[in-house]
1. Give me the percent of the accessible area of the stretch 103-221 that comes from carbon and sulfur atoms, probe 1.4 Å, all protein chains in place.
2. Taking only protein heavy atoms into account and a 1.4 Å probe, give the accessible area per residue of the stretch 93-221 in Å².
3. Could you check the simple spin-label distance between residue 213 and residue 136, using points 7 Å along Cα→Cβ, in nm with one decimal?
4. Can you list which of the GluC sites (Glu not before Pro) found in the stretch 98-148 are DSSP loop residues with at most 15 other C-beta atoms within 10 Å?
5. Of 152, 211, 132, which is farthest on the positive side of the dipole of the chain, counting Cα position, with +1 on Lys and Arg Cβ, -1 on Asp and Glu Cβ, and the Cα centre as origin?
6. Counting other Cβ atoms within 10 Å, which GluC sites (Glu not before Pro) in the stretch 1-74 have at most 16 and lie in a DSSP loop?
7. Could you size up the charge dipole of the stretch 41-147 around its Cα centre, putting +1 on the beta carbon of Lys and Arg and -1 on that of Asp and Glu, and report it in debye to the nearest 20?
8. Send over a whole-number figure in Å² for the accessible area per residue of the stretch 1-42, probe 1.4 Å.
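The values are calculated or read from the model by the stated rules, or taken from the named source; none is laboratory data. If you're wondering where the values come from, they're calculated on a predicted model, not measured in any experiment. Reconstructed Cβ throughout: ideal geometry from the backbone, glycine too, with neighbour counts over all protein chains shown. These accessible areas exclude ligands, DNA and RNA; they are computed on the full protein's heavy atoms, side chains included. Shrake-Rupley method; radii C 1.70, N 1.55, O 1.52, S 1.80 Å.
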Amino acid sequence: MQSEIVDTPAGDARITWHPPKKGTATRLVLAVSHGAGGGIEARDLQALAAALPPLGVSVALVEQPWRVAGKKLAPAPKTLDTGWRALWPALAKRGLPVVAGGRSAGARVACRTAHELGAHAVLALSFPLHPPGRPEKSRADELLGAGVPTLVVQGGNDPFGKPAEFPAVSDGAPDGGYELLEVPYADHSFTVPKRATITQDEALTVLTDGVGKWIRSQSAR
């Protein structure tokens, strides 16, 4: 694991690399950023950083400038996009296909910028389809407009959008549309309640196994 600071117009960003061990061929880079309410310590990001390098995936955990600066509130989406665009060359410098990803607000950034940056695909963790209790405020256009193959990983009890609320792929998603993987019982942070029929570790295994399978399919194309 190693970290690097990247200068952007929005301030310094940080990339923490989790590469495959020596002797394991690297197939692609998965760059994932955090949401508006937390950092790269999120359980899903850490689980992916542990599970994917053995599959030949170099996982880059990206901290947006506001988080590196120690601020508590995320800036406007336009500023988030500015930071992500500026650090993209550091993610692509190894000449490998780059899957753009993120959780929550980070997923929105990845979707909004994927096509223009030449992302190989998008991984959207806990995509905030709408604010809690406000389904009429849909952000489906961002997801459907990603323009590259996309995997959405969504908790079955996510107040920002349950899996059944997501639009059908036929509603206009280009270039292969998106796939949706449900993590049963999980909320927006992929926490499962004690009454669930699966444990927290089992829920994370659903996530990492599903993403691992999808990543392998993306590295083959």
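1. For the stretch 103-221, the apolar C and S fraction of the accessible surface comes to 52 percent.
2. With the other protein chains kept in place, the stretch 93-221 gives 44 Å² per residue.
3. 3.9 nm
4. Passing sites in the stretch 98-148 are 136.
5. Looking along the dipole axis, the top candidate is 211.
6. The qualifying sites are 41.
7. 260 debye
8. Result: 52 Å² per residue.
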